[in-house]
Amino acid sequence: IAICAIESQLDKQLRESNLPKNLFEATHYAVVNGGKRVRPALTILAAEAVGGSREQAMSAAIAVEFIHCFSLVHDDLPSIDDDKLRRGKPTLHIHAGEAMAVLAGDLLLPLAFQQLSKGKYDSKQQVCLMNELATATRNMVVGQVYDTLGGLPSHLSPIDGLEVIHQNKTGSLFQCACVMGAISGNASAEQLKAIEQFGQA
């Protein structure tokens, strides 16, 4: 997979977002500042696996990565994990201040969904993609709450509780990345089910 193509699109989409200079710089720092790009790569590869193309999947891939970056910015905040470093560099709230970090993270959420309206998707694909991304984002937030603030069902064993946290906080967005790629690539129902099972694993 051409990670440089993903990097280029992340940069391009932020530059086209018509943001105040300080907000652009903070958001750009949060997004285009290193990272493995596993989720958007999975989106593109899943599209290709069902006969689609990188071009069909790119908007969905960027949407997934914007959500991932939004989650990292908020996860790092003093009120949650209070991390000082991310990808070997100062976290955004250290670099640009806590208020700007909150707002930059907030901004990435609507920008992610905007990507799905800008992509070359028909109306049915758009609805499916938006639903997948919204559900995964919801699950990610639930998993973060379970991980940091508690609230897991009391009947769960410690190992089952840990699995629920991972399925929501991390696994849900991985699965979403794969499914969104398959949707972008016009997967059949059988292909979509197979890609979904792969994403769950």
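Consider Asp147 carefully, then state whether it is free of Cβ contacts under 8 Å to residues at least 60 places away in the same chain and outside any helix (DSSP H, G or I).
The answer is no for Asp147.
With the requirement that a residue be in a helix (DSSP H, G or I), without any contact (Cβ under 8 Å) to a residue 24 or more places away in the chain and open to solvent by 30 Å² or more (accessible area, probe 1.4 Å), what does region 60-105 give you?
Matches in region 60-105: Ile94, Glu98, Ala99.
Exactly one condition in (1) open to solvent by 60 Å² or more (accessible area, probe 1.4 Å); (2) in contact (Cβ under 8 Å) with a residue 24 or more places away in the chain; (3) closer than 15 Å to Asp106 by Cα is false for Ala49; which is it?
So Ala49 meets the others, but not (3).
Contact list please: Cβ distance under 8 Å, first residue in region 172-189 and open to solvent by 10 Å² or more (accessible area, probe 1.4 Å), second residue β-branched (Val, Ile, Thr), pairs at least six apart or on different chains.
Listed pairs, sorted by first residue: Ser172/Thr135; Phe174/Val38; Asn186/Val50; Ala187/Val50; Ala187/Ile195; Ser188/Val50.
Pairs please, first residue from region 120-133 and farther than 19 Å from Glu55 by Cβ and crowded, with 17+ Cβ neighbours inside 10 Å, second anywhere and modelled with pLDDT under 95 and of a type in the set (Gly, Ala, Ser), Cβ atoms under 9 Å, 6+ apart in sequence or on different chains.
Pairs that qualify, where the first residue is farther than 19 Å from Glu55 by Cβ and crowded, with 17+ Cβ neighbours inside 10 Å and the partner is modelled with pLDDT under 95 and of a type in the set (Gly, Ala, Ser), are Met130/Ser117.
Scan region 33-59 for residues that are outside any helix (DSSP H, G or I) and either under 28 Å from Asn186 (Cβ atoms) or at pLDDT 95 or above (or both) and report the count.
Qualifying residue count for the region: 6.
Considering region 13-37 alone, what residues qualify as being exposed (fewer than 13 other Cβ atoms within 10 Å of the Cβ) and either at positive phi or within 17 Å of the chain's Cα centre (by Cα) (or both)?
Asn18, Gly34, Lys36
Please go through region 174-201 and pick out each residue that is touching a Ser or Thr at 6+ places or on another chain (Cβ under 8 Å) and assigned to a helix (DSSP H, G or I).
Cys176, Ala177, Cys178, Met180, Gly181, Ser184
The values are calculated or read from the model by the stated rules, or taken from the named source; none is laboratory data. Remember, predicted model here, so these are calculated numbers, not experimental data. When we count neighbours, we look across all protein chains shown, and the Cβ atoms used for this are built from the backbone with ideal geometry, even at glycine. Note: areas computed on protein heavy atoms with side chains; ligands, DNA, RNA excluded. Shrake-Rupley method; radii C 1.70, N 1.55, O 1.52, S 1.80 Å.
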